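Student: This is the structure I want to talk about, given as structure tokens.
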Amino acid sequence: APVEERLRQRIIDGDRLGLEADLDEARATHPPLEIINTILLDGMRVVGELFGSGKMQLPFVLQSAETMKAAVALLEPHMEKSDDQARGTLVLATVKGDVHDIGKNLVDIILSNNGYKVVNLGIKQPLPAIVEAARAHKADAIGLSGLLVKSTVIMKDNLEEMARDGWDTPVILGGAALTRAFVEDDCVRAYGNHGRVAYARDAFDGLDLMGKVME
Ligand code: B1M
């Protein structure tokens, strides 16, 4: 099979043996981010479908996620990096109760490679830890990620609480369970009119939004 198909299948199967050789082969014809976006994420999409329909069990999903992470780590050194320094600071976290971090970490990589400082707090972050970091690092924006439906509710609650405490730092929200309508209606309202909340469909959208924040 062509290398693109083999890599996609590796994500589905959680098969890391020989991953690096396949990635090296793919890099001859694709830039690293294209490998991630068009090949590997397509494999993760299939994993999500199989899991959602009960055809794949959780331990195998975990293997796929680990393979995805390993692939991203192998590709990262080959990505183009901007020479810009300190274009702005983003405090980034997966919200409370949520362990999904592949998308969040892609946001970290893409923003870091484009000259932003990213303070990546990790997964399952309660609001106090997030605002504390935002204060300490004088964040220009806060990025929240979450993939569970319940995480979308937590994001809205976090925004309400932040508004009550007088925060007006721009907030970027991303993750598969969100919809643009939920962010632009419910979440914008939750943060109040003084604040800014934006929806990032993917990591590049997050990069664009960060650029707008810094304008
Ligand atoms: Co979970 N899981 N999972 N899981 N998992 C989903 C999200 C699910 C949709 C699968 C399904 O049922 N089809 C489902 C959620 C259902 C729901 O809430 N309605 C689900 C479930 C149910 C669960 C558990 C509850 C399962 C269980 O325990 N019974 C459990 C939850 C644990 C918890 O969080 N408390 C669980 C666990 C796991 C694993 C640990 C096995 C693993 C995660 C490993 C890890 O992340 N380290 C996992 C995985 C891998 C998935 C799927 C299959 C793939 C997610 C992924 O990494 N996608 C997922 C299926 C799906 O999403 N459809 C699923 C690739 C990644 C790049 O995409 O994160 O969406 P994503 O990021 C995108 C954009 O959303 C955006 O940019 C990225 C692309 O450029 N983006 C941002 C994301 N964050 C952003 C932030 C930004 C900007 C853009 O700025 C701040």
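Laboratory data are not the source of any read-out in this text; all were calculated from the coordinates shown. Every value quoted in this text rests on a predicted model; they were computed, and no experiment measured them. Note that we place each Cβ from the backbone using ideal geometry, even for glycine, and neighbour counts take in every protein chain shown.
Student: Quick check on the range 163-181. Is at least one of its residues touching a Phe, Trp or Tyr at 6+ places or on another chain (Cβ under 9 Å) and in contact (Cβ under 8 Å) with a residue 60 or more places away in the chain?
Tutor: Yes, the conditions are met somewhere in the range 163-181.
Student: Of the residues that make up the range 174-186, is at least one part of a helix (DSSP H, G or I), within 18 Å of ALA139 (Cβ to Cβ) and not charged (D, E, K, R)? Outline the logic, then answer.
Tutor: Step one: list which residues in the range 174-186 are part of a helix (DSSP H, G or I), which gives 180-186.
Checking the rest, the ones that are also within 18 Å of ALA139 (Cβ to Cβ) come to none.
The answer is no, given that none of the residues of the range 174-186 is part of a helix (DSSP H, G or I), within 18 Å of ALA139 (Cβ to Cβ) and not charged (D, E, K, R).
Student: Name the one entry in SER82, SER112 that is part of a loop (DSSP other than H, G, I, E, B) and more than 9 Å from the ligand (Cβ to nearest atom). Give the steps one after another, and end with the answer.
Tutor: Values: SER112 fails: part of a loop (DSSP other than H, G, I, E, B).
Only one candidate passes the filter, namely SER82.
Student: Residues in the range 77-101 that are closer than 21 Å to LEU178 by Cα and surrounded by fewer than 18 Cβ atoms within 10 Å (Cβ to Cβ): how many?
Tutor: Taking the range 77-101 and keeping what is closer than 21 Å to LEU178 by Cα, we get 90-101.
Adding the requirement that they be surrounded by fewer than 18 Cβ atoms within 10 Å (Cβ to Cβ) leaves 97, 99.
Residues flagged as closer than 21 Å to LEU178 by Cα and surrounded by fewer than 18 Cβ atoms within 10 Å (Cβ to Cβ) within the range 77-101 amount to 2.
Student: Hey, among the residues in the range 43-76 that are acidic (Asp, Glu) and near the ligand (Cβ under 10 Å from one of its atoms), which one's surrounded by the fewest Cβ atoms within 10 Å (Cβ to Cβ)?
Tutor: First, the residues of the range 43-76 that are acidic (Asp, Glu): 49, 66, 76.
Adding the requirement that they be near the ligand (Cβ under 10 Å from one of its atoms) leaves 49, 66.
Details: GLU49: 11, GLU66: 13.
Among those that are acidic (Asp, Glu) and near the ligand (Cβ under 10 Å from one of its atoms), it is GLU49.
Student: Can you go through GLY192, GLY143 and tell me which one is in contact with a helix residue (DSSP H, G or I) (Cβ under 8 Å, 6 or more places away or on another chain), among the small types (Gly, Ala, Ser) and under 17 Å from THR94 (Cα atoms)? Quick ask: steps written out before the conclusion?
Tutor: Working: GLY192 fails: under 17 Å from THR94 (Cα atoms).
Only one candidate qualifies: GLY143.
Student: If you go through the range 136-154 one residue at a time, how many are assigned to a helix (DSSP H, G or I), near the ligand (Cβ under 10 Å from one of its atoms) and in contact (Cβ under 8 Å) with a residue 40 or more places away in the chain? Please lay out each step first, then the result.
Tutor: Taking the range 136-154 first, the residues assigned to a helix (DSSP H, G or I) are 136, 149-154.
Next, only the ones that are near the ligand (Cβ under 10 Å from one of its atoms) stay: 149-152.
With the extra rule that they be in contact (Cβ under 8 Å) with a residue 40 or more places away in the chain, the set shrinks to 150-151.
Total satisfying the criteria: 2.
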